[in-house]
Amino acid sequence: MMNRGRITLKYTNGSKDAGVNCSTLVSVLTGCTSKIDLSKQLKKIEAIAAMKEAELPDIISDLSLFSSNSSLYNSIINNFPDFIVSTLPIYQCNNINGLVDPHELLDITHKQIEDGVSMITVHPTPNKKIMNLAQERLVPWTSRGGAIVMKDLITRNFNQDNVYLKNIDSIIQAAKKKKVVISIGASFRSANIFDSLDDCQIEEFRFQKEIADYIYERGVQVIIEGPGHSDPKKINTIAQYYQKMGYPIMPLGPIPTDTAIGQDHISSSIGAVLLGMHNCVDIVTSVTREEHTGFIPSTQSSIEAIQAAKIAAHIIDLNKLGSFHKDEVIAQHRAKNQTCVYDKNTSGCSRCAQQCPLRFEIA
């Protein structure tokens, strides 16, 4: 029997749970903008797979912008069996003059599900009401997948439903057959801290839950995405909305300051911990330092982002699960060997030299 607050993500060599009473997972984003990027991205994933076991991410999300028989997600499934694989189907649609072919979107979605991905992200929330609310913002929207859906709606003069809503029952059937998790994308996540928790975002929260309930009631596991940039003073209230939804949460960030340009691997990890203290983070999405620089993340930058996200996930689990064992081992080692340097079996170090406070004892 399914548990609304927990999902199971399968992969070639097993499965992992996320949600209530589960360890916090880490996801890394990758993708190709053209066929020539495929080998570069696979080399990056090879480097990620070579990281220390404790630093490895759990999920690799393929956000490629083109479709081919040699897709990145298939290469990951076939060559890196220890990673959960996630995709975003609409990225691979031919967006012609602002229009998305609903049959093409459905075909791509079905193929990715049949090929063995563990999770797909959909963008069913854009509609005329929320798009009008977004016009009151400094930046109306920042979601690339959501914007594709919005362009389609505008081009059709809002005379047809959201392209994902048109296909939702067929997508549910395919996901149920293969036990694939559906992620409800945040098309109106805030692009800066000043737009966070506005009427637009609150209305999307409401609609995300409505769609999540519809999917879950038909036998498919659901996770909620969001919230984007968030004023740190509002994170407590944002958490209250997520808690009422009752589903696992996969935040993008939240990034709690717009000033950390070039350092967003740090700011996003801080935001994830702030939200995670309210038990509203089940998958941390690693954000690179290039997030707002316009540059493509290097392999080293992606690894750095994963390491930061893993630290955030561990801190979240200290609160969520009381997972103190690793910290206790380090603390006991410091106490026993009178040194702050882990794996060092003699007291002191060059940092404090003879003034090491750990070596000082009352006679």
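Some points to look at:
Every residue, every condition in (1) more than 19 Å from ILE306 (Cβ to Cβ); (2) polar (S, T, N, Q), yes or no:
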{"position": "GLU53", "(1), (2)": "no, no"}
{"position": "ASP58", "(1), (2)": "no, no"}
{"position": "PHE80", "(1), (2)": "no, no"}
{"position": "PHE83", "(1), (2)": "no, no"}
{"position": "ASN95", "(1), (2)": "yes, yes"}
{"position": "ASP107", "(1), (2)": "yes, no"}
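- All positions within the stretch 53-107 that are farther than 14 Å from ILE120 by Cβ, in contact with a strand residue (DSSP E or B) (Cβ under 9 Å, 6 or more places away or on another chain) and among the aromatic types (Phe, Trp, Tyr): PHE80, PHE83
- Hits in the stretch 191-218 - residues which are part of a loop (DSSP other than H, G, I, E, B) and either of a type in the set (Asp, Glu) or free of Cβ contacts under 8 Å to residues at least 12 places away in the same chain (or both): ASP198, GLU217
- Filter result for GLY262 (at positive phi and either touching a helix residue (DSSP H, G or I) at 6+ places or on another chain (Cβ under 7 Å) or at pLDDT below 95 (or both)): no
- Condition check for GLU136: under 25 Å from the mean Cα position of the chain (by Cα), surrounded by fewer than 19 Cβ atoms within 10 Å (Cβ to Cβ) and of a type in the set (D, E, K, R): no
- Residues of the stretch 249-278 classified as in contact with a strand residue (DSSP E or B) (Cβ under 8 Å, 6 or more places away or on another chain) and either of a type in the set (Val, Ile, Thr) or without any contact (Cβ under 8 Å) to a residue 12 or more places away in the chain (or both), total: 2
- Matching residues in the stretch 1-43 - criterion: being assigned to a loop (DSSP other than H, G, I, E, B), β-branched (Val, Ile, Thr) and surrounded by 20 or more Cβ atoms within 10 Å (Cβ to Cβ): THR24
- Scan of the stretch 118-148 for residues that are touching a residue at least 12 places away in the same chain (Cβ under 8 Å) and over 24 Å from ILE255 (Cα atoms), ordered by number: SER118, ASN127, LYS128, LYS129
- Pairing each residue of the stretch 280-291 that is not assigned by TED's automatic domain parsing to the domain that holds PRO227 with any residue that is in a loop (DSSP other than H, G, I, E, B) and at pLDDT 95 or above, provided the two are 6+ apart or on different chains, yields no C-beta distance under 6 Å.
- Single condition ASP195 does not satisfy, out of (1) acidic (Asp, Glu); (2) crowded, with 22+ Cβ neighbours inside 10 Å; (3) farther than 21 Å from PRO251 by Cβ: (3)
- Per-region count, the stretch 344-363, residues loosely packed, with under 12 Cβ neighbours inside 10 Å, among the small types (Gly, Ala, Ser) and assigned to a loop (DSSP other than H, G, I, E, B): 2
- The residues of the stretch 316-329 that are surrounded by 18 or more Cβ atoms within 10 Å (Cβ to Cβ) and out of contact with any strand residue (DSSP E or B) (no Cβ under 8 Å at 6 or more places or on another chain), listed by number, are ASP317, LYS320.
- Conditions (1) surrounded by fewer than 23 Cβ atoms within 10 Å (Cβ to Cβ); (2) within 26 Å of GLU114 (Cα to Cα); number of the one not met by TYR164: (1)
- Comparison of VAL329, VAL341 shows that the only residue that is in a loop (DSSP other than H, G, I, E, B) and either in contact (Cβ under 8 Å) with a residue 60 or more places away in the chain or among the aliphatic types (A, V, I, L, M) (or both) is VAL341.
- When restricted to residues that are over 25 Å from ILE223 (Cα atoms) and either under 12 Å from the mean Cα position of the chain (by Cα) or β-branched (Val, Ile, Thr) (or both), the stretch 49-64 contains 0.
- Residue that is nearest to the chain's Cα centre (by Cα), among those in the stretch 161-204 that are of a type in the set (Ser, Thr, Tyr) and within 18 Å of ILE108 (Cβ to Cβ): SER183
Residue-wise test of (1) closer than 18 Å to ALA49 by Cα; (2) within 21 Å of the chain's Cα centre (by Cα).
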position: SER71; (1), (2): no, yes
position: ILE76; (1), (2): yes, yes
position: PHE80; (1), (2): yes, yes
position: THR87; (1), (2): no, yes
position: TYR91; (1), (2): no, yes
position: LEU99; (1), (2): no, no
position: GLU104; (1), (2): no, no
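- The listed residue being out of contact with any helix residue (DSSP H, G or I) (no Cβ under 7 Å at 6 or more places or on another chain), assigned by TED's automatic domain parsing to the domain that holds VAL181 and hydrophobic (A, V, I, L, M, F, W, C), out of ALA353, ALA313: ALA313
The values are calculated or read from the model by the stated rules, or taken from the named source; none is laboratory data. Just so it is clear, the model here is predicted, and its values are computed rather than measured. Heads up, the Cβs are rebuilt from the backbone with ideal geometry, glycines too, and the neighbour counts pull from every protein chain shown.
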